[in-house]
Amino acid sequence: MKIKIIISVFLFGFCLIAKSQDRFAILEQKLIELSKSSPGLNEKVDLSINGSSIQEYIRAIAASNNLNVNIDPTIDIKVSNNFSKVTAQEVFIFLCRSYNLDITFVGPIMSFIKYVPPTVPLKAVVSKKINVSYEPTAGLLSFDFQNDTLSQAAKEITKQTGKNIIFSPDLSGKLVNGFVQNSPLNSALEKLAFANDMKVSMTPDNFYILEKKLIEGNKNNSNNNSVNNFSLGNSSNKNSNLMVKNGLITVDAQNILMSDLVASVSKELGKEYFLFNELKGNSSLKINESSYDDFLRLLFNGTDFTFKKDGEIYLLGDRNLEGLRQSKLITLKNRTIDKVLEFIPGDLKKGVDIKTFPDLNGLIVSGSQPRINELEAFIRQIDIVVPLVHIEVIIADVRKSNTISTGISAGIGAKPAANTQGGLLPQVDLSLNATAINNLISGINGLGIINLGSVTPNFYLTLKALEEQGALKIRSTPQIATLNGHEAKLKVGSTVYYLEVQNNLINTNNNSNTNITQSQQYKSLDADLSITINPQVSGDEQITMTVGVTQSSFTERISETAPPGKLNRDFQSLIRVKNGEMIMLGGLEENSTSNSGKGLPLISRIPVLKWIFGNRTKSKTENKLTIFIKPTIIYN
């Protein structure tokens, strides 16, 4: 601290000297310019004076060198010096340097006045937002101070926490700096005080008091800034020593009794402590400029001992002692308490009793304060906002079909004679009886030499020509949401029922009679479209998704009571997509083509004639499923 003050004073003085040199250089330049019209400035001066006023001195030089001068009568300076063979210009510069004077110029007239430094305009003070936030449920304080006044910082913390914070008058106007994120109130205030050379204490009526830290290195020495080096007199290793400077401890000890270390450091810093049991064991410790609390924390780390601060008294002893155990509720803000215990490393659970408290979404922990602090620090690291992934799914199922059926059927007695019937539009499906056919033949027989005769009364003829086309588009847009790393499922489908008949044979009277019983039961069969998506969000808002799609559909029944057939299609995919972008998944496509017919041998294979002397059916079916997925990350 002393070095910083000396450097600051040195830099300030250096800046003043630099500005002063700039002023005299400008003044000298002006005198050189004036000497062109007033050559007396460059003439030599031989003058010796003792105890005369500076006004008389300057007027004597002006009279001998023919110069025009004016001197401020309020300047009260006595001059005693002897100049020989120096110019009037050099004498004037010397007087200005020696007696802090300045010269103003109006044409050839020089006016000597007292030098008044220029005033620096004050910048308008803009109110600055004090960054303080407080989580009352968990009792966690966050702040970010950057050259903020202590009064503003204390006022804002009091507003946010409801805890009264005051400071001593000698800290008025003090600027503070510090950054703490989600720390318990007491710990946060201790860190703020430590980072700004203060100490904090709590009064019995729950007021927090901030005071200037006293230099405790040697209370018997009137010089509080002194550095105290001392060795451990009770230790077998005389080379081990401690140093206390400005209340901070520097330790270089090898294989020293822990009890000796605590006793020596506590004595030098004036700390009061109470031992629950003896501090057994040796320790090797090397730290530089550490606080008393950090010294104890490092000394007891990895041992069975711990400490607890009760007011100004430090309680030291075994971690498992009742007086040193603490209980605390650690609440979570951004995630649920479920399964948190599974993620806590086993080393952090040692020596700490942990119970879940779902009502407040927290953990009740009991153990030594250092263990609890370590456990709480880990929980704060994992208690972050879990991204919510909103997933839009567009399902497009397109089915196309085309069927052509044509042919002529004729026969005798296969169909009973009936009236001619059927349709010509939009399809040709016409049945002609013998009477209609004979009438048609009679019309043809009347054309010259053609004579086709007639058909028997039970002769029939059927004409058929049909083309069917179909297109079906099914489009659904479900939306689902899930937390990062959790699976989301979507399932839509239909259910059909079929009848199952079961016959049971029952023998009675020693197998002499057999009875048949029949039971009927309707059973169901499902056909579904199911989509399973498991998103994983990376740091650059890339989303990796495991996508599984399964589609099943029914086929034709072989009979009215038989169950329908079932066709299944599914795929699995691992994809990556940017936040808010859409990706298309396709490939679930089904095509079927059938071409069947019957007719007279050989003739039914001849082009054109096969459509007359036979029946033919040709069909083509296309079924295509396309899925669009668009994930969007939502941060609460």
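The values are calculated or read from the model by the stated rules, or taken from the named source; none is laboratory data. Nothing here was measured: the structure is a model prediction, and the numbers come from that model. Glycine also receives a Cβ, built like all others from the backbone with ideal geometry; neighbour counts cover every protein chain displayed. Accessible surface is based on the protein model in full, side chains and every heavy atom, while ligands, DNA and RNA are left aside. Shrake-Rupley method; radii C 1.70, N 1.55, O 1.52, S 1.80 Å.
Pairing each residue of segment 37-49 that is open to solvent by less than 30 Å² (accessible area, probe 1.4 Å) with any residue that is at pLDDT 85 or above and part of a strand (DSSP E or B), provided the two are 6+ apart or on different chains, yields C-beta distances under 8 Å for 38/68; 41/87; 45/86; 45/87. Just one residue in the set 105, 94 is under 18 Å from residue 24 (Cβ atoms), out of contact with any strand residue (DSSP E or B) (no Cβ under 7 Å at 6 or more places or on another chain) and either part of a strand (DSSP E or B) or in contact (Cβ under 8 Å) with a residue 24 or more places away in the chain (or both); that residue is 105.
Close contacts from segment 181-203, counting a first residue that is in contact (Cβ under 8 Å) with a residue 24 or more places away in the chain and a second that is open to solvent by less than 40 Å² (accessible area, probe 1.4 Å) and among the acidic types (Asp, Glu), with Cβ to Cβ under 9 Å and a gap of 6+ residues or different chains, come to 182/383; 184/376; 190/293; 194/293. The residues of segment 618-636 that are within 41 Å of the chain's Cα centre (by Cα), part of a strand (DSSP E or B) and either of a type in the set (Ser, Thr, Tyr) or at pLDDT below 70 (or both), listed by number, are 626, 632.
Before we move on, is residue 64 surrounded by 13 or more Cβ atoms within 10 Å (Cβ to Cβ), touching a strand residue (DSSP E or B) at 6+ places or on another chain (Cβ under 9 Å), small (Gly, Ala, Ser) and free of Cβ contacts under 8 Å to residues at least 24 places away in the same chain? When the stated conditions are applied, residue 64 passes them. Scanning segment 17-36 for residues being buried (at least 16 other Cβ atoms within 10 Å of the Cβ) and under 14 Å from residue 111 (Cβ atoms) gives a total of 3.
Considering segment 170-192, and only residues there that are assigned to a helix (DSSP H, G or I) and over 23 Å from residue 383 (Cβ atoms), the residue that is least open to solvent (accessible area, probe 1.4 Å) turns out to be 171. Put simply, of 238, 174 the only residue that is charged (D, E, K, R) and modelled with pLDDT of 80 or more is 174.
Inside segment 255-297, residues that are acidic (Asp, Glu) and either surrounded by 16 or more Cβ atoms within 10 Å (Cβ to Cβ) or in a loop (DSSP other than H, G, I, E, B) (or both) make up a count of 3.
This table checks each residue for (1) touching a helix residue (DSSP H, G or I) at 6+ places or on another chain (Cβ under 9 Å); (2) closer than 23 Å to residue 202 by Cβ; (3) not polar (S, T, N, Q).
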residue	(1), (2), (3)
301	yes, no, no
309	yes, yes, yes
319	yes, no, yes
350	yes, no, yes
354	yes, no, yes
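Screening residue 596 on (1) of a type in the set (Gly, Ala, Ser); (2) under 20 Å from residue 529 (Cβ atoms); (3) open to solvent by 60 Å² or more (accessible area, probe 1.4 Å) shows it passes everything except condition (2). Keeping to segment 152-178, report how many residues are among the charged types (D, E, K, R) and under 15 Å from residue 203 (Cα atoms). Selection size over segment 152-178: 1. Every condition in (1) at pLDDT 85 or above; (2) within 21 Å of residue 80 (Cβ to Cβ); (3) open to solvent by 40 Å² or more (accessible area, probe 1.4 Å); (4) not hydrophobic (A, V, I, L, M, F, W, C) holds for residue 55 except the one numbered (3).
Within the option set 364, 354, 330, 394, being in contact with a strand residue (DSSP E or B) (Cβ under 9 Å, 6 or more places away or on another chain), open to solvent by 70 Å² or more (accessible area, probe 1.4 Å) and part of a strand (DSSP E or B) holds for one residue only, 364.
When you look at residue 300, is it buried (at least 19 other Cβ atoms within 10 Å of the Cβ), of a type outside the set (Gly, Ala, Ser) and at pLDDT 80 or above, yes or no? For residue 300, the condition - buried (at least 19 other Cβ atoms within 10 Å of the Cβ), of a type outside the set (Gly, Ala, Ser) and at pLDDT 80 or above - is met.
Residue by residue, here is whether (1) part of a helix (DSSP H, G or I); (2) within 18 Å of residue 103 (Cβ to Cβ) holds:
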| position | (1), (2) |
| --- | --- |
| 33 | yes, yes |
| 41 | yes, yes |
| 48 | no, no |
| 55 | yes, yes |
| 74 | no, yes |
| 79 | no, yes |
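Considering each residue of segment 606-617 in turn, none proves to be modelled with pLDDT of 80 or more and open to solvent by less than 60 Å² (accessible area, probe 1.4 Å). Quick one: is residue 574 free of Cβ contacts under 8 Å to residues at least 40 places away in the same chain and under 16 Å from residue 485 (Cα atoms)? Criteria met by residue 574.
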